[in-house]
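Since the structure comes first, as structure tokens, the remarks are kept for the end.
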Amino acid sequence: MRSDTTTSRADGDFIDLRSDVKTRPTGAMLRAISTAPLGDDQAREDPTVIALEERICQLTGQPEAIFVPSSTMANQLALMCRLRPGQEVLAENGSHIFRYEAGGPAALAGAVMTGLPGLNGVIDPRDLRQTAVLSRSEHRPLTRMVVIENTHNVSGGRVWPTAALEAVHDTCDDLGLAVHIDGARIFNASVALGVPLAEITRRAESLSICFSKGLGCPAGAVLAGSEEALDGVRRMRQMMGGSMRQSGVLAAAALYALDHHVDRLADDHRSARHLATGLQQAGLTVDLAQVESNFVFLDVSSLGLRVDEAIAHLAAQGVGWSATHHPGVLRAVTHLDVRAEQIPVAIDRTVAALAATGT
Ligand SMILES: *Cc1c(COP(=O)(O)O)cnc(C)c1O
């Protein structure tokens with residue numbers, strides 16, 4: 001059933017590496033959805049949503065969790081419930097919450113977003129302290145929160161080293177700042193580090209997790225956190241139009257993914273390394289050190305190709321790559337619907353597409 005539903009597109013042979021959001025629900029996931037007990041979640045009567053929220057509390061070491069339609073909404077709710085207009089949030093310059101949420105922090109929470117420099121998405125506690133200390137002047141916006149993105153999308157799925165994470169938490173504790181983790185791909189981080197999820201989530205005041213990226217669900221995300229951080233979140237979710245009714249159909253997919261699609265993220269990471277190594281051996285510009293989870297960056301600028309041209313040539317050869325934040329750099333993301341044995345084919349097609357067109 002799985003292959004029927006995942007490959008019944010016009011070009012069933014296309015290897016789609018554009019993003020890990022491209023996965024289709026598996027047959028087994030659809031069966032889990034079809035047998036889930038359901039109720040009205042606005043009235044907290046959906047047993048499957050309640051089971052998912054409890055499961056997330058156990059996994060993250062957080063006392064509260066709330067199911068929402070998307071990770072973007074989870075991030076925005078965290079800001080809306082914690083900030084007064086004019087207060088400041090610090091995040092690495094390329095953060096999703098900063099660059100890819102359509103200005104939500106300003107529009108919805110009235111936040112002043114200040115970007116900090118990052119190395120592979122990781123911010124330096126000294127930069128954080130320097131900016132936050134300035135906010136003690138009455139002339140400055142009051143710094144309230146720091147957002148950590150793990151894994152970090154724009155830097156290529158980079159994983160926060162545990163020591164760097166602890167250092168930011170220590171500094172934020174010292175300065176009295178809340179920490180929100182944008183953990184859209186936090187399971188990739190926990191699998192890459194080989195540590196239980198709670199080890200990298202329990203010190204956060206709040207965190208978001210996306211079920212429709214590597215976990216392979218059609219939709220859904222969760223905001224977890226302290227009672228204080230999530231106080232008022234259900235009302236805000238209602239205000240945003242994010243309260244749903246029989247959302248157990250989505251929660252069932254998420255519960256299924258937590259049971260069956262977490263450990264296998266290691267396969268995606270192996271496939272990404274395999275892809276990167278193969279491309280590098282073929283003479284293409286790939287930085288293997290960047291490949292810590294399920295992303296591979298490929299620099300096509302040295303081939304004299306524009307990004308959109310390269311993507312078109314690659315698609316014509318049957319392999320989907322996408323553009324990045326970085327000029328001249330393409331991205332491939334491995335996921336549930338790309339099998340390990342397709343990686344050599346993806347390498348061959350990528351090399352053929354770029355060799356035929358470059359120089
Ligand atoms: C995709 C993504 C989000 C948003 O997730 P949606 O569920 O698509 O809204 C947030 N943060 C990061 C880092 C992401 O990659």
Quiz item: Considering every pair of different Cα atoms, what Kirkwood radius, in Å, is found for the range 53-110?
Solution: 12.6
Practice problem: Rank these for me by crowding, Glu92, Glu101, Glu64, Glu228, going from fewest to most other beta carbons within 10 Å. | Solution: Glu228, Glu64, Glu101, Glu92
Exercise. With no solvent and one equal point scatterer per Cα, compute the Debye intensity ratio I(q)/I(0) for the chain at 0.07, 0.11, 0.13, 0.14 Å⁻¹ and report its log10, rounded to two decimals.
Key: -0.31, -0.76, -1.03, -1.16
Quiz item: Of all the stretches in the chain, which is the longest one without any exposed loop site, taking chymotrypsin sites (Phe, Trp or Tyr not before Pro) in a DSSP loop (any state but H, G, I, E, B) with at most 15 other Cβ atoms within 10 Å?
Solution: 101-359
Quiz prompt | Backbone HN-Hα couplings from phi across the range 119-127 [Karplus 6.51/-1.76/1.60, Hz, Gly and Pro as x] | solution = 10, 6, x, 9, 9, 8, x, 5, 5
Practice problem: Provide His96, His139, His261, His152 in ascending order of the number of other Cβ atoms located within 10 Å of each residue's Cβ, fewest first. | Solution: His139, His96, His261, His152
Quiz prompt | Whole-number D in µm²/s for the range 188-247 (Stokes-Einstein; Kirkwood sum over Cα pairs; 20 °C, 1.002 mPa s) | solution = 160
Quiz item: In the range 237-288, which trypsin sites (Lys or Arg not before Pro) are in a loop and have at most 16 other Cβ atoms within 10 Å, using DSSP for the loop call?
Solution: Arg245, Arg264
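Where a number appears in this text, it was derived from the coordinates with a stated rule and is not lab data. Worth saying up front: this structure is predicted, and the values here are computed from it rather than measured. Positions of Cβ are backbone-derived with ideal geometry, glycine not excepted, and every protein chain shown enters the neighbour counts.
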